[in-house]
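Structure first, then comments.
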Amino acid sequence: MATLPKQITACDEQIELQLAHWDARVDVQAQPLPAPRTTHRTAQRNEPQFDARTECYRVLGVDLTQVPAFQTPTVLLLLAELGPDFAGKFPTAKHFASWLGLCPDNRITGGKIMSSATRDVKSRVAEALRLAAQSLWHAQNYFGELYRRWKARLGGPKAITAMAHKLARILWHLLKFRQAFNPDVFRKEEEKMRRKKLARLQNTAAALGYRLIASQ
């Protein structure tokens with residue numbers, strides 16, 4: 001067991017060396033790494049022992065850790081499995097999600113959908129996206145609210161797959177167009193979701209003979 005930390009360190013050194021061989025898509029001096037999405041988080045047990053976040057940003061040209069549910073080990077795995085140019089191999093996000101087995105595989109007979117279960121695809125990327133999706137259970141943002149709503153309606157496994165599918169589409173879009181993640185894009189959806197939730201609560205209260213009053 002005493003040699004295990006040394007083996008982990010040696011592995012991290014090899015990963016760092018391999019990352020250094022990839023061309024840079026952004027000059028980290030001219031365009032510094034954005035501030036972390038949150039400063040209040042516990043480091044993962046498998047956190048690399050070098051600045052992997054900066055290296056992934058340099059190679060990909062986008063800081064994927066800005067996406068909710070994506071932490072540095074997840075981004076490192078995605079980069080290792082897909083490479084920096086994978087988005088160009090798929091014409092659309094739908095093609096990418098289908099390749100991962102995260103899209104419904106509709107079985108149609110006589111014009112009717114008989115089955116819409118996802119295909120059984122063995123993919124480390126799909127598994128990583130599912131684990132990332134599952135980590136949103138307690139997230140207090142649009143993605144967390146959406147995941148909890150899907151889980152209540154669809155059940156755990158289907159909700160995880162649906163959120164993994166959404167994360168896959170975001171991943172493809174950011175790397176295809178080399179765009180930074182913009183939370184403002186989802187704030188409108190978040191506000192829309194809150195209004196619907198409030199309307200449901202007001203309707204429930206009215207049905208019971210009560211009226212909701214906003215706190216001061």
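The values are calculated or read from the model by the stated rules, or taken from the named source; none is laboratory data. None of the values given here were measured: they were computed from a predicted structure. Here the Cβ is made from the backbone with ideal geometry for all residues, glycine too, and neighbour counts use every protein chain on show. All accessible areas refer to the heavy atoms of the entire protein, side chains included, with ligands and DNA or RNA removed. Shrake-Rupley method; radii C 1.70, N 1.55, O 1.52, S 1.80 Å.
Some notes on this structure:
- When the range 184-216 is filtered for residues that are open to solvent by 40 Å² or more (accessible area, probe 1.4 Å) and in contact with an Asp or Glu (Cβ under 9 Å, 6 or more places away or on another chain), the ones remaining, listed by number, are R194, K197.
- Counted residues, the range 1-38 - those being touching a helix residue (DSSP H, G or I) at 6+ places or on another chain (Cβ under 7 Å), of a type in the set (A, V, I, L, M, F, W, C) and open to solvent by less than 70 Å² (accessible area, probe 1.4 Å): 5
- Subset of the range 81-106 (residues that are touching a residue at least 24 places away in the same chain (Cβ under 8 Å) and under 23 Å from D12 (Cα atoms)): E81, L82, P84
- When the residues of the range 83-98 are filtered to those that are surrounded by fewer than 12 Cβ atoms within 10 Å (Cβ to Cβ) and part of a helix (DSSP H, G or I), the one that is modelled with the lowest pLDDT is G88.
- Residues within the range 121-154 that are within 20 Å of M193 (Cβ to Cβ), open to solvent by less than 60 Å² (accessible area, probe 1.4 Å) and free of Cβ contacts under 8 Å to residues at least 40 places away in the same chain, tallied: 3
- Helices (runs of 4 or more DSSP H) within the range 124-216 that include 2 or more residues in contact with a strand residue (DSSP E or B) (Cβ under 7 Å, 6 or more places away or on another chain) and farther than 21 Å from L78 by Cβ: none
- Taking first residues from the range 1-27 that are closer than 15 Å to P84 by Cβ and part of a helix (DSSP H, G or I) and partners that are modelled with pLDDT of 90 or more and open to solvent by less than 70 Å² (accessible area, probe 1.4 Å), the Cβ contacts under 7 Å between residues at least 6 apart in sequence or on separate chains come to L19/E55; L19/V59.
- A single entry from E55, E47 fulfils the requirement of being assigned to a loop (DSSP other than H, G, I, E, B), open to solvent by 20 Å² or more (accessible area, probe 1.4 Å) and of a type in the set (D, E): E47.
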